[in-house]
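Each remark here refers to the structure printed beneath this line.
No lab work stands behind these numbers, since they all come straight from the coordinates. Since this is a predicted model, take the numbers as computed values, not measurements.
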Amino acid sequence: MINKNMTVNELLRNYPCLQTLLEEYHIDYCCGGHRTLQEVAEQDCFDLEQFLKDVEQKLKEENCT
């Protein structure tokens, strides 16, 4: 289950189809991959709830759940 405590690396490892979404949000999944989604949202100033909704939508579209 995807949640705010997952690291970026965990998210990408489990759902590689999300790479483009991470890029759209300018989320560093290389050097910054150790950060949790909560930390990324706070540090990069984006709405975590909207990001999680976008993740769910992308997973449905790409059928990679």
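Cross-link partners of Lys4 among lysines, defined as those whose alpha carbon lies under 18 angstrom from its own and excluding same-chain residues fewer than eight positions apart: Lys53, Lys58.
Round to the nearest 10 and give me the degree value, 0 to 90, for the angle of helix 48-62's Cα axis relative to the longest principal axis of the chain. So the inclination is approximately 30 degrees.
With Cα atoms as the point set, the chain shows a radius of gyration and Dmax of 10.5, 30 Å.
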